[in-house]
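Before any comments, here is the structure.
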Amino acid sequence: ISTFTSRGPTATQGGALLKPDVSAPGQSITSVFALSGTNSRILSGTSMACPHVAGLMALLRQKYPVETFPPERLKALLMSTANHDLTTGTNGSGIVYSPPRVGSGRVDAALATDSNALARNTDGDGTVSVNFGTVPVTTTVTVTREAKIENFSNTPHTWTTVYESSTAQPGVTVSVPQQVTVPANSSANFAVQLAVDVSLM
């Protein structure tokens, strides 16, 4: 990760909101130098990461019409397939960065355009990711959010769902069902549960 990369969460009226959504190449990227003829220019920052994501979204929009894939659904497809971890070392070595630094992971054009499924929350609020916000804890607390898997292939699929923690917090557990079966061209909801035992924190 570039040293100048911003991190989440971001403040909202309802509490903390997990950001960023995804990561993209953004340091020392060579691109076209506008109005220069055939010259190139090297830039860093969101000035380069955003065009990567915008270009990928354009490819997805070309494949999926807005009538069946509104922006939130395209965003969910992008995030669901951005499953490349970013680490403190080279070639995947070292510590894996957590979602407040990299979102769901580094975007992948091939996975996004070839995927036949996506996962997202059921809130319909545009955030896509499951978010518990800021949870005040003075005793044992259980909070449940609902997510869904959308299968837009012509065959049914069964997915194994797993919660992988990137940071450890004693007394805090997140659980999901072991498997979710989704019929062809359909969706299935499932619960994501946060349990907090303040005595162990």
Notebook entry, point to check: Within the group S36, S44, S98, which residue is more than 30 Å from P183 (Cα to Cα), open to solvent by less than 30 Å² (accessible area, probe 1.4 Å) and hydroxyl-bearing (S, T, Y)?
Noted result: S98
Notebook entry, point to check: Does segment 62-83 contain at least one residue that is open to solvent by 70 Å² or more (accessible area, probe 1.4 Å), within 20 Å of I1 (Cα to Cα) and in a strand (DSSP E or B)?
Noted result: no
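Only one of these is at pLDDT 90 or above and in contact with a Pro (Cβ under 8 Å, 6 or more places away or on another chain): T113, T161, T88. Name it.
Numbers: T113 fails: in contact with a Pro (Cβ under 8 Å, 6 or more places away or on another chain); T88 fails: in contact with a Pro (Cβ under 8 Å, 6 or more places away or on another chain).
After applying the criteria, what remains is T161.
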Checklist line | In segment 101-129, the residues that are surrounded by fewer than 16 Cβ atoms within 10 Å (Cβ to Cβ), assigned to a loop (DSSP other than H, G, I, E, B) and not hydroxyl-bearing (S, T, Y) | finding: N116, D123, G124, D125, G126
Notebook entry, point to check: Checking A11 against (1) part of a strand (DSSP E or B); (2) open to solvent by less than 90 Å² (accessible area, probe 1.4 Å), which test does it fail?
Noted result: (2)
Note to self: Suppose we keep only residues that are in contact (Cβ under 8 Å) with a residue 40 or more places away in the chain and outside any strand (DSSP E or B) within segment 136-151. Which one would you say is nearest to the chain's Cα centre (by Cα)?
What the structure shows: V137
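For the structure I just gave you, tell me whether S2 is without any contact (Cβ under 8 Å) to a residue 60 or more places away in the chain, part of a loop (DSSP other than H, G, I, E, B) and farther than 22 Å from A147 by Cα. Spell out how you get there, then give the answer.
Numbers: without any contact (Cβ under 8 Å) to a residue 60 or more places away in the chain: yes; part of a loop (DSSP other than H, G, I, E, B): yes; farther than 22 Å from A147 by Cα: yes.
The answer is yes for S2.
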Next item on the list: Report yes if T30 is part of a helix (DSSP H, G or I), modelled with pLDDT of 90 or more and touching a Lys or Arg at 6+ places or on another chain (Cβ under 8 Å), otherwise no.
Entry: no
Check: Considering only segment 37-90, how many residues are of a type in the set (V, I, T) and closer than 11 Å to V107 by Cα?
Finding: 2
Next item on the list: Identify the residue in segment 165-194 that is open to solvent by 80 Å² or more (accessible area, probe 1.4 Å) and assigned to a strand (DSSP E or B) and, among all such residues, is nearest to V102 (Cα to Cα).
Entry: T173
Next item on the list: Would you mind telling me which numbered condition in (1) touching a strand residue (DSSP E or B) at 6+ places or on another chain (Cβ under 7 Å); (2) touching a residue at least 24 places away in the same chain (Cβ under 8 Å); (3) under 27 Å from T134 (Cα atoms) D85 fails?
Entry: (2)
Next item on the list: Would you be able to say whether some residue in segment 91-99 is touching a residue at least 60 places away in the same chain (Cβ under 8 Å), part of a loop (DSSP other than H, G, I, E, B), in contact with a Ser or Thr (Cβ under 7 Å, 6 or more places away or on another chain) and among the polar types (S, T, N, Q)?
Entry: yes
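The values are calculated or read from the model by the stated rules, or taken from the named source; none is laboratory data. Just so we're clear, the structure is a prediction, and the values are computed from it rather than from any experiment. Counting neighbours? That spans all protein chains shown, and the Cβs are built from the backbone with ideal geometry, glycine included. Ligands, DNA and RNA are excluded from the accessible area calculation, which covers all protein heavy atoms including side chains. Shrake-Rupley method; radii C 1.70, N 1.55, O 1.52, S 1.80 Å.
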